[in-house]
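One structure is given here, and the rest of the page talks about it.
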Amino acid sequence: MNAEDFRSRFERIRAEIARCLVGQTEIIEYTLLAILARGHVLLEGAPGLGKTLLVRTLGRVLGCGYKRIQFTPDLMPSDVTGGNVFNQQKNAFEFFPGPVFTQLLLADEINRAPAKTQSALLEAMQERSATIDGVTRPLPQPFFVIATQNPIESQGTYPLPEAQLDRFLFKLNVLVPSRQEEKAILLNHLQGFDATALDSMPLERLTTPAELIALQELIRTVRVDESVLDYITEIVGRTRAHRQLVFGASPRASIALLFAAQGRAASQGREFVVPDDVKALASSVLRHRIAVHPDAEIEGVSSDQCIEEILREVRVPKIAA
């Protein structure tokens, strides 16, 4: 498969998902990019904007096993990973896998659970395995987590630990649709669309898990010029010295930005990364990995504004196609 075939496959998948999720074109595109770059996605937005519908539709179209965890304040780590239960008939402990043993995991309202439970996902997201009672078990492949969270100002939410946030390739802000898009949503429902009966929707399955892994491997072959590597390094490095940030992004952010840029290049039918790929994805990769100084936050400064300032200051390299 060449870059143009990849672009065509990517567009077909995006269009199929957009049949169910109206008005969230960028969210669909970036979520697909993250999956193909072997990354996880954190979706933040108010309830009712289609975050859960997106994940359910992805599971159908990508042909992947799908499970959901509804995070609540009383959720325990074993409710995520599973555990050993004594079987009296066999007179031995038997392992019962938790919902994390799937290919596409929806961690719904992840910031409703305390940090102890949230951290149960850390190993799964980083190592693609889960250790229970000293035994490490591999997770099905491909494996990716799409987590939703309500804005931190909402009642009953816990802020995600920095180590947890750093495992997400993208943090995407799900915005309220425009009036025209909302009208299109209403027309869809008038014509019989029912988000609670997605199985009855004639969605086409466009990949298999094996094909998805092949697409992920193809992304890694996209050429990256050394000047683009310098560009990524300079952008991420400047977050660590920015006057309005308490701390900047880690080298994991540089790696995430590299892989995401390769995915964007392939999705547009290119066999090489250009600086615009990096610029387009910088905010989504970095916004959750940096912290604005409290004094600057009081003045209304956001992490996105700091990233935009850095992008304006860093010299954009010129590369030969």
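The values are calculated or read from the model by the stated rules, or taken from the named source; none is laboratory data. Every value quoted in this text rests on a predicted model; they were computed, and no experiment measured them. Ideal geometry is used to build each Cβ from the backbone, glycine not excepted, and the neighbour counts take in all protein chains shown. These area figures cover heavy atoms from the full protein model, side chains too; ligands, DNA and RNA do not enter into them. Shrake-Rupley method; radii C 1.70, N 1.55, O 1.52, S 1.80 Å.
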Legend entry - Single unsatisfied condition, residue 124 versus (1) touching a residue at least 12 places away in the same chain (Cβ under 8 Å); (2) open to solvent by 40 Å² or more (accessible area, probe 1.4 Å); (3) touching a strand residue (DSSP E or B) at 6+ places or on another chain (Cβ under 8 Å); (4) not polar (S, T, N, Q): (2)
Legend entry - Complete set of residues in the range 76-96 that are under 35 Å from the mean Cα position of the chain (by Cα) and open to solvent by 100 Å² or more (accessible area, probe 1.4 Å): 96
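Look at residue 246 and say whether it is open to solvent by less than 40 Å² (accessible area, probe 1.4 Å) and aliphatic (A, V, I, L, M).
Numbers: open to solvent by less than 40 Å² (accessible area, probe 1.4 Å): no; aliphatic (A, V, I, L, M): yes.
It is false that residue 246 is open to solvent by less than 40 Å² (accessible area, probe 1.4 Å) and aliphatic (A, V, I, L, M).
Only one of 238, 252, 264 is assigned to a helix (DSSP H, G or I), farther than 22 Å from residue 43 by Cβ and open to solvent by 20 Å² or more (accessible area, probe 1.4 Å); which? Working first, answer last.
Values: 252 fails: farther than 22 Å from residue 43 by Cβ; 264 fails: farther than 22 Å from residue 43 by Cβ.
It is 238.
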Legend entry - Test: residue 67 is of a type outside the set (Phe, Trp, Tyr), out of contact with any helix residue (DSSP H, G or I) (no Cβ under 7 Å at 6 or more places or on another chain), touching a residue at least 12 places away in the same chain (Cβ under 8 Å) and crowded, with 21+ Cβ neighbours inside 10 Å: no
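Pick out, from the range 273-321, the helices (runs of 4 or more DSSP H) lying fully within it that include 1 or more residues that are among the charged types (D, E, K, R) and more than 19 Å from residue 226 (Cα to Cα).
Working: elements: 275-286, 294-298, 303-313.
Ranges flagged: 294-298, 303-313.
From the list 208, 233, exactly one residue is surrounded by fewer than 19 Cβ atoms within 10 Å (Cβ to Cβ) and in contact (Cβ under 8 Å) with a residue 40 or more places away in the chain. Which is it?
It is 208.
Any chance the range 271-284 includes a residue that's surrounded by 13 or more Cβ atoms within 10 Å (Cβ to Cβ), over 28 Å from residue 53 (Cα atoms) and touching a residue at least 60 places away in the same chain (Cβ under 8 Å)?
Pass one, the range 271-284, residues surrounded by 13 or more Cβ atoms within 10 Å (Cβ to Cβ): 271-284.
With the extra rule that they be over 28 Å from residue 53 (Cα atoms), the set shrinks to 271-276, 278-279.
From what is left, the residues that are touching a residue at least 60 places away in the same chain (Cβ under 8 Å) are 271.
Yes, that holds for at least one residue.
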Inset, instruction - Would you be able to say whether some residue in the range 103-115 is under 18 Å from the mean Cα position of the chain (by Cα), at pLDDT 90 or above and open to solvent by 10 Å² or more (accessible area, probe 1.4 Å)? - result: yes
Inset, instruction - Please find, within the range 116-142, the residue that is nearest to the chain's Cα centre (by Cα) out of those that are over 24 Å from residue 59 (Cα atoms) and among the aliphatic types (A, V, I, L, M). - result: 132
Inset, instruction - Look at residue 155 and say whether it is open to solvent by 10 Å² or more (accessible area, probe 1.4 Å) and at pLDDT below 85. - result: yes
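Table: residues versus (1) under 17 Å from residue 173 (Cβ atoms); (2) assigned to a loop (DSSP other than H, G, I, E, B); (3) open to solvent by 10 Å² or more (accessible area, probe 1.4 Å).
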residue	(1), (2), (3)
1	no, yes, yes
7	no, no, yes
17	no, no, no
23	yes, yes, yes
29	yes, no, yes
33	yes, no, no
48	yes, yes, yes
